[in-house]
Amino acid sequence: MDAMAEIRQTFFEECAEQLADLEAGLLAIENGEADSDTVNAVFRAVHSIKGGAGAFCLDDLVHFAHVFETTLDEMRSGRLDSSEKVIKIMLRSADALADLVTVARDGGTADAARNASLIDELKGLVALAKGEEPPAPTAAGGGTSEASDGPVYDDGMGDLDFTPVAVDLSELMGDGGDNTFRIVFKPMPRMYAKANEATRVLRDLYALGEAKVICNTAEVPLMQNLDPEGAYLTFTIELSTAEPEEKVREVFEFVEFDCELSIEAIESEEDDDFGADDPDIADILNRIKATSDDEEESAADEPAVAAEEDEPEPAPKAAAPAPKAAAPEPVKPEPAKPAAASAPAKGEAGGDAKGATAGAGAAQTIRVDLERVDRLIDLVGELVIHQVMLSQRAYQAGLARASDVAVGFDELEQLTREIQDSVMAIRAQPVKSVFQRLPRLVREVADISGKQVKLVTEGEWTEVDKTVIERLADPLTHMIRNAIDHGLEKPEDRIAAGKPEEGTVRVAAMHRSGRIVIEISDDGGGINRRRVKEIAANKGLIPADANLSDEEIDNLIFLPGFSTADKISSLSGRGVGMDVVKRSIQALGGRVSIASKPGKGSTFTMSLPLTLAVLDGMIVSVGEQTIVVPLTAIIETLQPKASEVKSFGGDARLVQVRDTFLPLVDVARELGYAYEPASATGGVAILVEAENGARSALLVDAIQGQRQVVIKSLEANYGRVPGIAAATILGDGRVALILDVDAVVATSRVEGNFFNGSMKHAAE
Amino acid sequence: MPRKSNKATSVEGTIFALPQVLDLKAATPLTEKLMALRGQDLVIDASKVERLGTQCVQILISAAATWKDEMAAFTIAEPSDAFTSGLQVLGLTPQAIIEKEVAQ
């Protein structure tokens, strides 16, 4: 049942969006930035999840969502104050709801005890709002595994059917039969005007056999746009009857020309019948079916919307990105009202991050399979390469630089560069998708560590390539966990130090010189350097009498196996923290640094490339080969003089750069292009910064130039090559390898070169 | 459904009693009356309804959505049998009227 799986997937995708809206809304309320629309959006989010979950019989989810929604409704109607305590419970409920969604999607079990106690708390709030005594905790509050079999907790759902149900019409019905018809019946206003009632027609229909009816209300407008004598409902009836089709048609005899009617016989039940049992599935199905019509329709409407108001984004309401129109036939033109209704919410959106919280996701979007985008990016990469090749060949063939064709090549180059930038922008996403997971993380870590933490995020609309975002989450999680667990002091210590009891963790993202920079800062005690050094010495990571600068000590925490925690907690202290963070950031072509002030707190700064698809590189010659050195690693280049190069040990060399000596790494030897050491004075030394900020000089033969190159994975196309990060195609069509600076430097220091039995190390 | 009456009394708001007959002719007056009550928390007393036409159902669905949109409470209390069964024929329930998604 592929269609079913698709609907299910759509539901979970929507859930993820709703959950994000929910959390964003609650946080806005907590920060006092909420308006009535925020509360509404929060309510709608939970409501939509509940509705969808009902369609898939996700009972746990439905029950929890229902109680949650009821509580939110009290808040919405102003009976329940959004006090700090209330919001805390709401936020925890949002977390629980997210867990339930995950369980529903991926399987597993939810924390039944926690959910049950949250339900009690939520119900307590409702009672409070109504001025009643809070109800005594129910038996299930103690936490049992029964939570899954229906409403063991009384969630007040006993007497209501919240979603439209296939109504039991047995009293009205005749006997079922062999023929099954699907009838779509949409009355027109003139049918009612002729005093024909839909109810009468439907009753006549039910008399023929067994019927299930689904009422589609999606076209009913709000009161201000309602024509009291209009016709907005569409009925889908599935009728199983012994009568032939003529009899069914007879029912509609008098209304035939005053309604839209389709009657089709259904051959096999399994075929495409899955939606009929459940109106919500049918509804979703209709929406999916209607999407194409809807898009055409909205495309046609768009100019009208834009013309009628000054709103820059003629967008559907934020909480419902999915197309809403359900009827396949767009009968009456949809008024331009949607944007008007949500206009106040978006008025201040613009670029302002706070305002944008409310209006987030309001722009019109389409969902596109990531593979398609990747393919496009690949193709554009090829285009860039071919464009360069073409112009180079033309010049080689003797094309004059001043000719019209050359001008045309220049224009083509600009155009391709622009296309490349635009395509890259498709993949760019705001870091918000990562940032919005943080509040929950902070809450949980704060709970476990017994600290009070306030999370401040900045620049969540900063955009970065999707692949970077995906790989950003883990290191960021680690670092925030560390900031709270190690960075912030315990409340009593904070008070003693004259700081507010509540610690602050700030996460900020910004663009800086073509890279994205993410800062994680806390206002805790800063790094205890004496202790860090002590621990490092005890663990044998440094000699006990090592003389280290403050910065070097700070960087010790990135060493594998380093841990300051006295005992292993569930949070941290297993010594797999910061070194993993550092490695994963470096794997992304990024760097991480620390600034710490005793008593004031620490700031960790991550700097990452905006994309993993292109790279600015320096093109250099090594032996016979052309190699690309990533520009981000390079500090400076110089031509060593004979007096500056010192030999020591076997054939290791150092180069003097101003007042320091740096190891001189002969790239040609490291990569196995040459066996004899190259003459240091004949080449160029490129100063690079590798792991731990350690600097080295890479000796290459010559620099050819600097340009942006399209990264082609070697692993995917060939296999892993030690010392090489990836490959690219140059303008002349040759493949050039991109140097893995860290690996080359590290290997040269330890084992000479990659071909002296050091493959294992390099492969790590 | 024993909780229903309990529910009606616990909900506050202006009580609006639906007329006995909600047919085609009742549609426009019903819309006007409801429009006049916009913004107030509303309890729709459906206990007297004897005939329910499709267009009045549309109006109630629209009203429920409008009230929800404007963050006012909209409740249907004490639905009569005729009201409930009238809805049933259309594939609806009193609660569904309040919960249904409409064109926003």
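Identify, from the list B:T54, B:T66, the residue that is closer than 26 Å to A:A45 by Cβ, in contact with a helix residue (DSSP H, G or I) (Cβ under 7 Å, 6 or more places away or on another chain) and buried (at least 21 other Cβ atoms within 10 Å of the Cβ).
When all the criteria are applied, what remains is B:T66.
If A:T626 passes every condition in (1) of a type in the set (S, T, N, Q); (2) assigned to a strand (DSSP E or B); (3) open to solvent by 60 Å² or more (accessible area, probe 1.4 Å) but one, which one does it miss?
(3)
Inspect segment A:495-505 for any residue being part of a helix (DSSP H, G or I) and either in contact with a strand residue (DSSP E or B) (Cβ under 7 Å, 6 or more places away or on another chain) or farther than 23 Å from A:V709 by Cβ (or both) and give the result as yes or no.
The initial filter retains those residues of segment A:495-505 that are part of a helix (DSSP H, G or I), namely A:495-496.
Of the ones still in play, those that are also either in contact with a strand residue (DSSP E or B) (Cβ under 7 Å, 6 or more places away or on another chain) or farther than 23 Å from A:V709 by Cβ (or both) are A:495-496.
Yes, segment A:495-505 contains a residue that is part of a helix (DSSP H, G or I) and either in contact with a strand residue (DSSP E or B) (Cβ under 7 Å, 6 or more places away or on another chain) or farther than 23 Å from A:V709 by Cβ (or both).
Going residue by residue through segment A:406-420, is there one that turns out to be outside any helix (DSSP H, G or I), open to solvent by less than 90 Å² (accessible area, probe 1.4 Å) and not assigned by TED's automatic domain parsing to the domain that holds A:I711?
Narrowing segment A:406-420 to residues outside any helix (DSSP H, G or I): none.
Checked against the condition, which is being outside any helix (DSSP H, G or I), open to solvent by less than 90 Å² (accessible area, probe 1.4 Å) and not assigned by TED's automatic domain parsing to the domain that holds A:I711, segment A:406-420 yields no hits at all.
Residues A:D95, A:D2: which one is charged (D, E, K, R) and at pLDDT 80 or above?
Of the residues listed, the single one that is charged (D, E, K, R) and at pLDDT 80 or above is A:D95.
Give the residues of segment A:211-244 that are open to solvent by less than 10 Å² (accessible area, probe 1.4 Å), among the hydroxyl-bearing types (S, T, Y) and under 41 Å from the mean Cα position of the chain (by Cα), sorted by residue number.
Answer for segment A:211-244, where residues must be open to solvent by less than 10 Å² (accessible area, probe 1.4 Å), among the hydroxyl-bearing types (S, T, Y) and under 41 Å from the mean Cα position of the chain (by Cα): just A:T217.
Does A:L208 satisfy the criteria of being in the same structural domain as A:R249 (by TED's automatic domain parsing), closer than 19 Å to B:T31 by Cα and either touching a residue at least 12 places away in the same chain (Cβ under 8 Å) or buried (at least 24 other Cβ atoms within 10 Å of the Cβ) (or both)?
Working: in the same structural domain as A:R249 (by TED's automatic domain parsing): yes; closer than 19 Å to B:T31 by Cα: no; either touching a residue at least 12 places away in the same chain (Cβ under 8 Å) or buried (at least 24 other Cβ atoms within 10 Å of the Cβ) (or both): yes.
Spelling it out, it is not the case that A:L208 is in the same structural domain as A:R249 (by TED's automatic domain parsing), closer than 19 Å to B:T31 by Cα and either touching a residue at least 12 places away in the same chain (Cβ under 8 Å) or buried (at least 24 other Cβ atoms within 10 Å of the Cβ) (or both).
With respect to the numbered conditions (1) touching a residue at least 24 places away in the same chain (Cβ under 8 Å); (2) in a loop (DSSP other than H, G, I, E, B); (3) open to solvent by 40 Å² or more (accessible area, probe 1.4 Å), which one is the sole condition not fulfilled by A:L455?
(2)
Against the condition at pLDDT 90 or above, more than 7 Å from chain A (Cβ to nearest Cβ) and either more than 14 Å from A:L222 (Cα to Cα) or surrounded by 23 or more Cβ atoms within 10 Å (Cβ to Cβ) (or both), how does B:L37 come out, does it pass?
So B:L37 fails the test.
Is it fair to say A:E6 is surrounded by fewer than 22 Cβ atoms within 10 Å (Cβ to Cβ), assigned by TED's automatic domain parsing to the domain that holds A:K85 and of a type outside the set (S, T, N, Q)?
yes
Look at segment A:227-253 and say how many of its residues are over 23 Å from B:A27 (Cβ atoms) and at the interface with chain B (Cβ under 10 Å from one of its Cβ atoms). Quick ask: steps written out before the conclusion?
Step one: of segment A:227-253, the residues over 23 Å from B:A27 (Cβ atoms) are A:236-251, A:253.
From what's left, at the interface with chain B (Cβ under 10 Å from one of its Cβ atoms): A:236-237.
The number of residues fulfilling the criteria is 2.
Listed here are the residues, each with its yes/no results for (1) in a helix (DSSP H, G or I); (2) out of contact with any Asp or Glu (no Cβ under 9 Å at 6 or more places or on another chain); (3) buried (at least 20 other Cβ atoms within 10 Å of the Cβ).
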residue: A:L687; (1), (2), (3): no, no, no
residue: A:A697; (1), (2), (3): no, yes, yes
residue: A:Q706; (1), (2), (3): no, no, no
residue: A:V709; (1), (2), (3): no, no, yes
residue: A:A716; (1), (2), (3): yes, yes, no
residue: A:A726; (1), (2), (3): no, no, yes
residue: A:D732; (1), (2), (3): no, yes, no
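List the pairs whose first member sits in segment A:82-99 and is farther than 15 Å from A:L61 by Cα, whose second member is assigned to a helix (DSSP H, G or I) and open to solvent by 10 Å² or more (accessible area, probe 1.4 Å), and whose Cβ atoms are under 7 Å apart, counting only residues at least 6 apart or on separate chains?
Within 7 Å, the pairs are A:S82/A:I29; A:S82/A:M75; A:I87/A:I29; A:I87/A:E30; A:I89/A:E121; A:L91/A:R443.
Output the residues belonging to segment A:200-226 that are facing chain B (nearest Cβ under 9 Å) and among the acidic types (D, E).
Scanning segment A:200-226 gives a single hit, A:E219.
Please count how many residues of segment B:70-79 are under 22 Å from B:T28 (Cβ atoms) and outside any strand (DSSP E or B). Break it down stepwise before answering.
Here is the first cut: in segment B:70-79, the residues under 22 Å from B:T28 (Cβ atoms) are B:70, B:74, B:76.
Now restrict to residues that are outside any strand (DSSP E or B): B:70.
Number satisfying all stated conditions: 1.
(1) open to solvent by 10 Å² or more (accessible area, probe 1.4 Å); (2) over 22 Å from A:L441 (Cα atoms): which one isn't true of A:V67, the others all being true?
(1)
Considering segment A:72-87 alone, what residues qualify as being within 14 Å of chain B (Cβ to nearest Cβ) and either in a helix (DSSP H, G or I) or open to solvent by 20 Å² or more (accessible area, probe 1.4 Å) (or both)? Lay out the reasoning, then the answer.
Filtering segment A:72-87 for residues within 14 Å of chain B (Cβ to nearest Cβ) gives A:72-80, A:82.
The answer is A:L72, A:D73, A:E74, A:M75, A:R76, A:S77, A:G78, A:R79, A:S82.
The values are calculated or read from the model by the stated rules, or taken from the named source; none is laboratory data. Since the model is a prediction, treat every value here as computed from it, not as a measurement. Because the Cβ atoms are built from the backbone with ideal geometry, glycine has one as well, and the counts that use them run over all protein chains shown. Only protein heavy atoms, including side chains, enter the accessible area calculation; ligands, DNA and RNA are left aside. Shrake-Rupley method; radii C 1.70, N 1.55, O 1.52, S 1.80 Å.
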